[in-house]
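Asker: Pasting in a structure now, in structure tokens, and then I'll have a few things to ask.
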Number of protein chains: 2
Amino acid sequence: MTDTLSDSALDLIFREARTYNGWHDKGVSDEEIHQIYELLKMGPTSANQQPGRFVWVRSDEAKQKLADCADEGNKDKILGAPVTVIIGYDIDFHEQLPWLFPHTDAKSWFEGDEEGRKESAFRNSALQGAYLMIAARALGLDCAPMSGFDQDKTTQAFFSDQPKYRADWLCSIGHGDRTTIFERSPRPEFDTFNKVV
Amino acid sequence: MTDTLSDSALDLIFREARTYNGWHDKGVSDEEIHQIYELLKMGPTSANQQPGRFVWVRSDEAKQKLADCADEGNKDKILGAPVTVIIGYDIDFHEQLPWLFPHTDAKSWFEGDEEGRKESAFRNSALQGAYLMIAARALGLDCAPMSGFDQDKTTQAFFSDQPKYRADWLCSIGHGDRTTIFERSPRPEFDTFNKVV
């Protein structure tokens, strides 16, 4: 195993990676979707909660249903993207802990504390969404995360069979068209938002 | 720029990376801390909010102060780690948007909606914490994220000069001792928590 990533690899997943507003006409295959998940699921979550629930919206019908839940500026982005993932979470993730974290009774830590579970599911599914973006980029794909949409309407439209699931944010994935990226927004100097104590 | 990461690189940041419970006696330098931040800040956040606020706890005195805020099982982990990062966020991140997202008046989108800001800061700082872990691994370091600690006490101890900052979770960083890792917890099959529609 390599000890560090090369500069070129760091460029791919961090420094040169960008958010895209348009896509080349090339789909995202089942195999690529599975490869992304096989990587993202290896990323750490608290007590291996794995609270993220992912809906990969790829058919024309499903794209239209999701676009109907999105802010005006995001409808065309969803319709035009090869696939858009709904990153959701399960407030009752603790029901899965007996098999996800089998060496102790982790389920009992969360019983009777729905607010605490919601906070933990929200935090840890966000981590998983970040792993998803890094994984997609690592596999040669591009991303466009979005939070301008109606969470409740999307939850109802895509998770109606799972009353404790919530839709949290969206991420389109495909082969990005570099002519559609905006100028990179400024990035802070270290001292602005960090301290070493 | 490379188009995809090699298998060896994917092993480093996802497949072979593990959460460590003990560390080799080798510190984390200022340069390494800065390198991690230089990578993590390139990761996407909604409207370039960059809401994460990071305290890198490295001195003996600061480690003791943080250990005093942690659950019993995490005190020794903090005292024994080369550095532990407090991943916090700024509920008033919108005050920075005039320079972080300069091409539009994004600050106005968040004014008067503290609950909405808190949700967005929480989600996006979690993404940044995931970028932090991937960046640290990419640079040859190891991680140990933790959420067993008193958030309010830690906020008071480390962010008392910033009334709208909140401590959210912790991550130790160093050169991990492979004899201290536990057996890998089970990972779900694709169909368990995903659907393609």
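So that you can scan it fast, the table gives a plain yes or no per residue for (1) under 23 Å from A:S147 (Cβ atoms); (2) touching a residue at least 40 places away in the same chain (Cβ under 8 Å); (3) crowded, with 19+ Cβ neighbours inside 10 Å; (4) in contact with a helix residue (DSSP H, G or I) (Cβ under 7 Å, 6 or more places away or on another chain):
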| residue | (1), (2), (3), (4) |
| --- | --- |
| B:A126 | yes, yes, yes, yes |
| B:L132 | yes, yes, yes, yes |
| B:A138 | no, yes, yes, yes |
| B:C143 | no, yes, yes, yes |
| B:G148 | no, yes, no, yes |
| B:A157 | no, yes, no, yes |
| B:R166 | yes, yes, yes, yes |
| B:L170 | no, yes, yes, no |
| B:R184 | no, yes, no, no |
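Asker: What are the pairs with Cβ atoms under 6 angstrom where one residue, in the range B:106-122, is under 14 Å from B:K164 (Cβ atoms) and the other, located anywhere, is of a type in the set (V, I, T)? Sequence gap at least six, or different chains.
Answerer: Pairs found: B:R117/B:I91; B:K118/B:I91; B:A121/B:I91.
Asker: Filtering the range B:166-188 down to residues that are assigned to a helix (DSSP H, G or I) and among the β-branched types (V, I, T), which residue is farthest from B:L127 (Cα to Cα)?
Answerer: Filtering the range B:166-188 down to residues assigned to a helix (DSSP H, G or I) leaves B:178-180.
Subsequent filtering for residues that are among the β-branched types (V, I, T) retains B:179-180.
Details: B:T179: 29, B:T180: 27 Å.
This residue is B:T179.
Asker: If B:G129 passes every condition in (1) within 11 Å of chain A (Cβ to nearest Cβ); (2) closer than 19 Å to B:P44 by Cα; (3) more than 10 Å from the chain's Cα centre (by Cα) but one, which one does it miss?
Answerer: Every listed condition holds for B:G129 apart from (3).
Asker: Another question, then. Only residues that are under 21 Å from A:S120 (Cβ atoms) and facing chain A (nearest Cβ under 7 Å): list them for the range B:134-165, please. Spell out how you get there, then give the answer.
Answerer: Here is the first cut: in the range B:134-165, the ones under 21 Å from A:S120 (Cβ atoms) are B:134, B:143-155, B:165.
B:I134, B:P145, B:S147, listed by residue number.
Asker: Before we move on, is B:W99 touching a strand residue (DSSP E or B) at 6+ places or on another chain (Cβ under 6 Å), of a type in the set (F, W, Y) and at pLDDT 95 or above?
Answerer: no
Asker: How many of the residues in the range A:181-191 are more than 19 Å from A:D142 (Cβ to Cβ), under 27 Å from the mean Cα position of the chain (by Cα) and more than 8 Å from chain B (Cβ to nearest Cβ)?
Answerer: The qualifying residues number 1.
Asker: Something else now. Among the listed residues B:K107, B:K63, B:K26, which satisfies the condition of being buried (at least 18 other Cβ atoms within 10 Å of the Cβ) and charged (D, E, K, R)? Quick ask: steps written out before the conclusion?
Answerer: Numbers: B:K107 fails: buried (at least 18 other Cβ atoms within 10 Å of the Cβ); B:K26 fails: buried (at least 18 other Cβ atoms within 10 Å of the Cβ).
None of the others qualify; the one that does is B:K63.
Asker: Follow-up. Restricting attention to the range B:78-85, does a residue exist that is under 15 Å from the mean Cα position of the chain (by Cα), under 20 Å from B:F149 (Cα atoms) and among the polar types (S, T, N, Q)?
Answerer: So far as the range B:78-85 goes, yes, one or more of its residues are under 15 Å from the mean Cα position of the chain (by Cα), under 20 Å from B:F149 (Cα atoms) and among the polar types (S, T, N, Q).
Asker: Quick check on this structure: which one of B:A81, B:A62, B:A106, B:A67 is farther than 18 Å from A:V196 by Cβ and hydrophobic (A, V, I, L, M, F, W, C)? Don't jump to the end; show me each part of the working.
Answerer: Numbers: B:A81 fails: farther than 18 Å from A:V196 by Cβ; B:A62 fails: farther than 18 Å from A:V196 by Cβ; B:A67 fails: farther than 18 Å from A:V196 by Cβ.
Result: B:A106 is the single residue among B:A81, B:A62, B:A106, B:A67 that is farther than 18 Å from A:V196 by Cβ and hydrophobic (A, V, I, L, M, F, W, C).
Asker: Can you tell me which residues in the range A:133-153 are assigned to a helix (DSSP H, G or I) and within 19 Å of B:T2 (Cα to Cα)?
Answerer: Let us first name the residues in the range A:133-153 that are assigned to a helix (DSSP H, G or I), namely A:133-138, A:151-153.
A:M133, A:I134, A:A135, A:A136, A:R137, A:A138 - these are the residues of the range A:133-153 that are assigned to a helix (DSSP H, G or I) and within 19 Å of B:T2 (Cα to Cα).
Asker: Same structure, new question: Among the residues of the range A:154-165, what is the count of those that are in contact with a Phe, Trp or Tyr (Cβ under 9 Å, 6 or more places away or on another chain) and in a loop (DSSP other than H, G, I, E, B)? Talk me through it step by step, then tell me what you get.
Answerer: So the first thing to find is which residues in the range A:154-165 are in contact with a Phe, Trp or Tyr (Cβ under 9 Å, 6 or more places away or on another chain), and the list is A:155, A:158-159, A:164-165.
Restricting the remaining residues to those that are in a loop (DSSP other than H, G, I, E, B) gives A:159, A:164.
Final tally of qualifying residues: 2.
Asker: Return the residues of the range A:86-112 that are over 25 Å from the mean Cα position of the chain (by Cα) and either among the charged types (D, E, K, R) or within 27 Å of A:M146 (Cβ to Cβ) (or both); say none if nothing qualifies.
Answerer: A:D105, A:E111, listed by residue number.
Asker: Another question, then. Could you list, in sequence order, all residues of the range B:134-148 that are within 14 Å of B:K41 (Cβ to Cβ) and touching a strand residue (DSSP E or B) at 6+ places or on another chain (Cβ under 7 Å)?
Answerer: Within the range B:134-148, just B:A136 meets the criteria.
The values are calculated or read from the model by the stated rules, or taken from the named source; none is laboratory data. Owing to the predicted nature of the structure, the values given are computational and were not obtained by experimental measurement. Every residue, glycine as well, gets a Cβ built from its backbone with ideal geometry; the counts of neighbours run over all protein chains shown.
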